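The values are calculated or read from the model by the stated rules, or taken from the named source; none is laboratory data. Small disclaimer: the values here were computed from a predicted structure and weren't measured. Please note: Cβ atoms are built from the backbone with ideal geometry, for glycine as well, and neighbour counts cover all protein chains shown.
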Amino acid sequence: MSRAQVRRDGLAGVRPGRESRTWSRDGAGGGGAWREPEDHPGSSYYGNPVINPPVWEELNIAGYLFTGGLAGASSILAVGAQLSARPRLARGARLGASAAITVSLAALIRDLGRPARFLNMMRVFKPTSPMSVGTWILAGYAPAAVAAAASDLTGRAPRAGRVATFGAGLLGPAVATYTAALIANTAVPLWHEGRRELPFVFAGSAAAAAGGLGLLSTPSAESTPALRMAVIGSVGELVASELMRRRVGLVGEALEEEPARRRLRLARALTAAGALGAATLGRRNRRAAATAGAAMIAGATLTRFGLFAAGMASARDPRYTVEPQRERVRVRTAEQGSAPAAAAPNNGRRRDASGGR
């Protein structure tokens, strides 16, 4: 830039509103706190995102989050049905888990671009990486879930099928919830701020979906475990979602942006209506139970897609990245300012009351 372009009133040829704002200090001599100008957006240069939003495709990753949770919780339900001698419920849960995990893996690999990228993640095992741990969980869970369903359908190797059912059920809780740790470990503000509640939201949503699938696929005589799982999961999801909404603070405003707001409101309505219908009419009316189950599956799907959209919105808006950081700095500064001053060292030598040595 030449010297002729710099003038007293600003830069020549620069559009208004595109230059960075200057900050000033309060107090005499500029020794006070930094203060931003009134017209500053309070976010970043020109309002650009501070972080790069994930490049995930919504249908792939949100679908992967939902179907993985459905698969894991269905395997847990299959174990309970097998132990309580409910063969129809066990078969429906096994088939549901097998189909869901197949779709989940297909969605994940499609978003990765090539199957080799999924296999490359298995070259190492890193306990501190949710992606690495999740890859190995899926590698153990998916064959067990598919083998359990295949044995049930063909009638072959029933003992191996029962073992596979227990194996999938053992890994089911991790499959249903590890994706919460996966997205909470990113820099996306909403997901990271909600890291304490997200695993419970995902667990409840997965249980509601699996229970709803059981109500859809099983006669009323065998559907009691599915009904209980669906109702408990729905209540848990609604409570955990509300706790997260209240705790995340400013970042929670992303939950009220479209399309997340519309999806999450409809998800809450469907989940609550499904749980109420299952608890009141599900035991006596097969059609009501199936309708309630479908409502809870739809609610769980919209929960995952709504949280995905809200997370992406929080990543695009720099305010959700900058303002929580500033608040943490303010709190840390206040805590340090209120801490008692440390005693000055005296090199291990004692002084008497008169100051002598």
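Given the condition crowded, with 21+ Cβ neighbours inside 10 Å, touching a Leu at 6+ places or on another chain (Cβ under 8 Å) and not hydrophobic (A, V, I, L, M, F, W, C), answer yes or no: does some residue in segment 173-194 qualify?
Yes.
How many of the residues in segment 105-129 are free of Cβ contacts under 8 Å to residues at least 24 places away in the same chain and assigned to a helix (DSSP H, G or I)?
12
Checking the condition acidic (Asp, Glu) and modelled with pLDDT under 95, which residue from GLU237, GLU253 passes?
Testing whether each residue is acidic (Asp, Glu) and modelled with pLDDT under 95 leaves just GLU253.
Restricting attention to segment 185-206, does a residue exist that is in contact (Cβ under 8 Å) with a residue 40 or more places away in the chain, within 23 Å of PRO54 (Cα to Cα), among the aliphatic types (A, V, I, L, M) and assigned to a loop (DSSP other than H, G, I, E, B)?
yes
Looking at (1) among the charged types (D, E, K, R); (2) in contact (Cβ under 8 Å) with a residue 60 or more places away in the chain; (3) part of a helix (DSSP H, G or I); (4) within 28 Å of SER223 (Cβ to Cβ), which is the only condition ARG287 fails?
(2)
Being modelled with pLDDT of 95 or more, surrounded by fewer than 16 Cβ atoms within 10 Å (Cβ to Cβ) and not small (Gly, Ala, Ser) narrows it down to one of LEU281, LEU266, LEU302, so name that one.
After applying the criteria, what remains is LEU266.
With the condition kept exactly as written, say whether any residue in segment 161-169 is surrounded by fewer than 18 Cβ atoms within 10 Å (Cβ to Cβ), assigned to a helix (DSSP H, G or I), over 21 Å from the mean Cα position of the chain (by Cα) and of a type in the set (Val, Ile, Thr).
Yes: one or more hits.
Hey, does segment 132-149 have a residue that's free of Cβ contacts under 8 Å to residues at least 12 places away in the same chain, within 25 Å of the chain's Cα centre (by Cα) and under 18 Å from LEU182 (Cα atoms)?
yes
State whether one or more residues within segment 211-233 are surrounded by fewer than 22 Cβ atoms within 10 Å (Cβ to Cβ), touching a residue at least 40 places away in the same chain (Cβ under 8 Å) and in contact with an Asp or Glu (Cβ under 6 Å, 6 or more places away or on another chain).
So far as segment 211-233 goes, no, none of its residues is surrounded by fewer than 22 Cβ atoms within 10 Å (Cβ to Cβ), touching a residue at least 40 places away in the same chain (Cβ under 8 Å) and in contact with an Asp or Glu (Cβ under 6 Å, 6 or more places away or on another chain).
Scan segment 74-117 for residues that are among the hydrophobic types (A, V, I, L, M, F, W, C) and surrounded by fewer than 18 Cβ atoms within 10 Å (Cβ to Cβ) and jot them down. Can you show your working first?
Step one: list which residues in segment 74-117 are among the hydrophobic types (A, V, I, L, M, F, W, C), which gives 76-79, 81, 83, 85, 89-90, 93, 95, 97, 99-101, 103, 105-109, 112, 116.
Matches in segment 74-117: LEU83, ALA85, VAL103, ALA106, ILE109, LEU112, ALA116.
Can you report the number of residues in segment 300-312 which are touching a helix residue (DSSP H, G or I) at 6+ places or on another chain (Cβ under 7 Å), under 16 Å from ALA176 (Cβ atoms) and not charged (D, E, K, R)?
Count: 3.
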